[in-house]
Amino acid sequence: MGVGRGRLLRGEDDVGVAVVRGEVAAPESAGGRLSGVRLADASVVPRTALVVAPRFTARDEVLHSLGLEPVAQEMHGAVIGSTGPADPTGATAVAGVWVAGNVTTLQAEVISAAAAGLTTPAAVNGDLIAEDTRAAVAASRARRAA
Ligand SMILES: Cc1cc2nc3c(=O)[nH]c(=O)nc-3n(C[C@H](O)[C@H](O)[C@H](O)COP(=O)(O)OP(=O)(O)OC[C@H]3O[C@@H](n4cnc5c(N)ncnc54)[C@H](O)[C@@H]3O)c2cc1C
């Protein structure tokens, strides 16, 4: 929650929403229903609905085991989750480890995750071809040198 309580924003960032600054301590209920939000300063903001921002945390056990450390992703200064960092092709800092979809791009939806599922394997294929080519060239040079 942000800005002075009850104040409607009217500036460049105006979204017409009253924002209350402060740390939320707990939801308040009355009669078995949400009645408000209690802040750390003990004040209560009456509410009938509450939306909680999710945190998108990559299932990173596999990334850890492969030596790739997930990094926190921020939006407007707030941590929204974690991802395995990669370049646009899905290549990570760990040779031979590639990632695609939400594990590396929190904002990805089905269509973009699926697109990455096409472009990343293509990049992996290119990497394997390059490796085969390097090995063939090295073997050829070794034969010539013998
Ligand atoms: C609530 C919600 C609503 C959404 N609504 C929409 C929408 O309306 N339209 C839209 O386009 N997108 C929507 N999305 C986003 C969309 O679901 C994702 O962008 C998409 O599923 C990402 O695909 P992905 O393959 O990267 O990851 P996922 O679909 O998450 O697939 C990853 C898979 O890997 C498996 N996995 C993880 N770790 C391991 C492991 N160690 N071993 C084996 N398997 C493992 C997981 O179980 C999972 O099946 C929504 C997402 C959420 C959470």
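Only one of the listed residues (Gly67, Gly90, Gly117) is on the phi > 0 side of the Ramachandran plot and modelled with pLDDT of 95 or more. That residue is Gly90.
If the condition is being among the hydroxyl-bearing types (Ser, Thr, Tyr) and either near the ligand (Cβ under 7 Å from one of its atoms) or surrounded by 16 or more Cβ atoms within 10 Å (Cβ to Cβ) (or both), then the stretch 113-129 contributes only Thr120.
Considering the stretch 62-83, and only residues there that are out of contact with any strand residue (DSSP E or B) (no Cβ under 8 Å at 6 or more places or on another chain) and within 18 Å of Gly96 (Cβ to Cβ), the residue that is nearest to the ligand (Cβ to nearest atom) turns out to be Val62. From the list Val51, Val110, which one is under 30 Å from Arg21 (Cα atoms), aliphatic (A, V, I, L, M) and within 16 Å of the ligand (Cβ to nearest atom)? Of the residues listed, the single one that is under 30 Å from Arg21 (Cα atoms), aliphatic (A, V, I, L, M) and within 16 Å of the ligand (Cβ to nearest atom) is Val51.
From the list Ala108, Ala78, the one residue that fits, being loosely packed, with under 11 Cβ neighbours inside 10 Å and modelled with pLDDT under 95, is Ala78. Restricting the first member to the stretch 33-62 and to residues that are on the phi > 0 side of the Ramachandran plot, and the second to residues that are away from the ligand (no atom under 16 Å from the Cβ) and of a type in the set (Gly, Ala, Ser), the beta-carbon pairs closer than 8 Å and six or more apart or on different chains are Ala42/Ala25.
Scanning for something among the basic types (Lys, Arg) and within 13 Å of the ligand (Cβ to nearest atom), does the stretch 134-144 turn up at least one residue? No, the stretch 134-144 contains no residue that is among the basic types (Lys, Arg) and within 13 Å of the ligand (Cβ to nearest atom). Which condition from (1) modelled with pLDDT under 85; (2) surrounded by 13 or more Cβ atoms within 10 Å (Cβ to Cβ) is the one that Val15 breaks? Failing condition for Val15: (2).
The values are calculated or read from the model by the stated rules, or taken from the named source; none is laboratory data. Just so we're clear, the structure is a prediction, and the values are computed from it rather than from any experiment. All Cβ positions, even for glycine, are placed from backbone atoms using ideal geometry, and neighbour counts span all protein chains on display.
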